[in-house]
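Chemist: Have a look at the structure that comes next, please.
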Amino acid sequence: MAKKQYAVIGMGRFGSSVANALSGMGFDVLAIDADEQRTQEMSNVVTHAVSADSTDEEALRALGIRNFDVVVVAIGEDIQSSILTTLILKDMGVPVLIVKAQNELHGKVLQKIGADKVIYPERDMGLRVAHHLTSPNILDYIELSEDYSILEMRASEQMIGKNLLELNIRARFGCNVMAIRSGNSMNISPYAEDRIENGDVLIIVGHKDHLTKMELAYPK
C-alpha cells in the first residue's frame, strides 16, 4: 500500500512542527509557505518545500495539491488567508482538510466552509498545561469534542491494589476506562477484575465535567 502524502501550508511554529513530525515518521511531506526563507529552512527536513501563495488557486493546482491524501492548513495570524485557502482547497476536492483555528469564531467559519477537522493548538496546549498544573497524575489530556475528552492518568495511591470493579469509576463518575498501560504493554478493554498496579497508566474517556470530578477525587 502506498504511503500517505501530506501537504502542510504555513511554516510557522505549529506548521513546521507538524511537517517535521510527519517527515520523521517516514511520510512524504510537501511544505508550503509564502515566505521563501521559511521554505528554505524546511527544505532539508521534508520531501519538498515550496514558496507559494496559498490563496492563489493556480499556484496550488500547479503543485498538484489535490493529489495529496491530507492537507493541513496551519496559517498563523492571517485569518482571511486561512479561510480563503480552506475554500480553495475544498473546492479543489482535497480528500482530507485539517485547519488550524485562532479562536472559536474562526473555527465555526472553517467548519461551515467544509474543513474536515478544526484544531486549536494554543487552546489545547493551554488545557493540557492547566491539567498538568492542577493534577500531577494527569499525563495527557485530549479533547474529542466540545463535551468529551480522553485523559491519560497515572494510577494514584488510592487506586493501587484495587481492581476496576472496586474502583467503580463508571458508576461513580460516568467515565470509562478504555485501557491500562503497564510499562510497555497495553491492556485494551480491561476486565472488571483487572487490578491496578503501581506505575500503571489509565486511559479514560468521559464528559469533561465527569473527568474533572474524577481528577479531584484522585489528587495524588
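Chemist: Out of the stretch 1-109, which trypsin sites (Lys or Arg not before Pro) are coil in DSSP terms and have no more than 11 other C-beta atoms within 10 Å?
Modeler: The qualifying sites are Lys3.
Chemist: Taking every DSSP beta bridge with both residues inside the chain, roughly what % is antiparallel (nearest 5)?
Modeler: The antiparallel proportion sits near 50 percent.
Chemist: A further question on this structure: Kindly state, to the nearest 0.05, the FRET efficiency for Ser17 paired with Ala217, given R0 = 25 Å and r defined as their beta-carbon distance.
Modeler: E between Ser17 and Ala217, to the nearest 0.05, is 0.10.
Chemist: Can you compute the modelled spin-label distance between Met186 and Lys162, with each label point 7 Å from Cα toward Cβ, in nm?
Modeler: Output for this residue pair reads 2.6 nm.
Chemist: Also, quick follow-up: Would you work out if the stretch 122-215 is rounded, prolate or oblate? Take a ≥ b ≥ c from the square roots of the eigenvalues of the alpha-carbon gyration tensor; rounded if a/c is under 1.5, else prolate when a/b is larger than b/c, oblate otherwise.
Modeler: Prolate.
Chemist: If each residue's Cβ is checked for other Cβ atoms within 10 Å, how do Leu89, Leu97 rank with the fewest at the top?
Modeler: In increasing order of surrounding Cβ atoms, one gets Leu97, Leu89.
Chemist: Let me ask something additional. Take the alpha carbon gyration tensor of the chain, find the square roots of its eigenvalues, order them as a ≥ b ≥ c, and report rounded if a/c is under 1.5; if not, report prolate when a/b exceeds b/c, else oblate.
Modeler: In terms of gyration-tensor shape, prolate.
Chemist: Listing Ser149, Ser156 from the residue with the fewest other Cβ atoms within 10 Å to the one with the most, what is the order?
Modeler: Ranking Ser149, Ser156 by Cβ neighbours within 10 Å, fewest first, gives Ser156, Ser149.
Chemist: Right, another one. Considering Cα pairs under 8 angstrom that are at least six residues apart, work out the relative contact order of the stretch 167-220 and quote it in whole percent.
Modeler: 38 percent
Chemist: Counting alpha carbon pairs within less than 8 Å and at least 6 residues apart, what relative contact order, in whole percent, applies to the chain?
Modeler: 13 percent
Chemist: Under the Karplus relation 6.51 cos²θ - 1.76 cosθ + 1.60, θ = phi - 60°, what is the ordered set of whole-Hz ³J(HN,Hα) values for the stretch 148-162, x standing for Gly and Pro?
Modeler: 10, 9, 10, 10, 9, 10, 5, 4, 7, 4, 5, 8, 4, x, 9
Chemist: Would you check the chain for Lys pairs whose C-alpha atoms are within less than 27 Å, ignoring same-chain pairs closer than 8 in sequence, and give me the count?
Modeler: Eligible lysine pairs with Cα atoms under 27 Å apart amount to 23.
Chemist: Please list the helices of the chain that count as membrane-span-like by this rule: a mean Kyte-Doolittle hydropathy of at least -1.0 together with Cα atoms stretching 15 Å or more along the helix axis, each helix being a complete DSSP H run.
Modeler: 13-24, 79-92, 121-134
Chemist: At what distance in nm do the modelled label points of Asp194 and Asp91 sit from each other, each positioned 7 Å from its Cα along Cα→Cβ?
Modeler: 5.0 nm
Chemist: Tell me, His106, His48, His210 in order of fewest to most beta-carbon neighbours within 10 Å?
Modeler: Sorted ascending by nearby Cβ count, the order is His48, His106, His210.
Chemist: I would also like to ask the following. Can you compute the helix-only [θ] at 222 nm over the chain? Use -39500 (n - 2.57) per DSSP H run of at least 4 residues, normalise by all residues, nearest 500 deg cm²/dmol.
Modeler: -10500 deg cm²/dmol, from helical runs alone.
Chemist: Would you please classify the overall shape of the stretch 1-98 from the alpha carbon gyration tensor, given that a ≥ b ≥ c denote the square roots of the eigenvalues, rounded means a/c under 1.5, and beyond that prolate means a/b larger than b/c while oblate covers the rest?
Modeler: In terms of gyration-tensor shape, oblate.
Chemist: Same structure, new question: Once label points are set 7 Å from the Cα along Cα→Cβ at both His207 and Gln80, what is their separation, rounded to one decimal in nm?
Modeler: About 4.3 nm separates the two model spin labels.
Chemist: Could you give the longest part of the chain that holds none of the GluC sites (Glu not before Pro) found in DSSP loops with at most 10 neighbouring Cβ atoms within 10 Å?
Modeler: 1-76
Chemist: If you don't mind, there's one more thing I want to ask. Using a Förster radius of 25 Å, what is the FRET efficiency between Arg170 and Asp116 based on their Cβ-Cβ separation? Nearest 0.05, please.
Modeler: 0.20
Computed from the coordinates by the stated procedures, all read-outs in this text should not be read as laboratory data. Model, not experiment: these values are computed from the prediction. Glycine also receives a Cβ, built like all others from the backbone with ideal geometry; neighbour counts cover every protein chain displayed.
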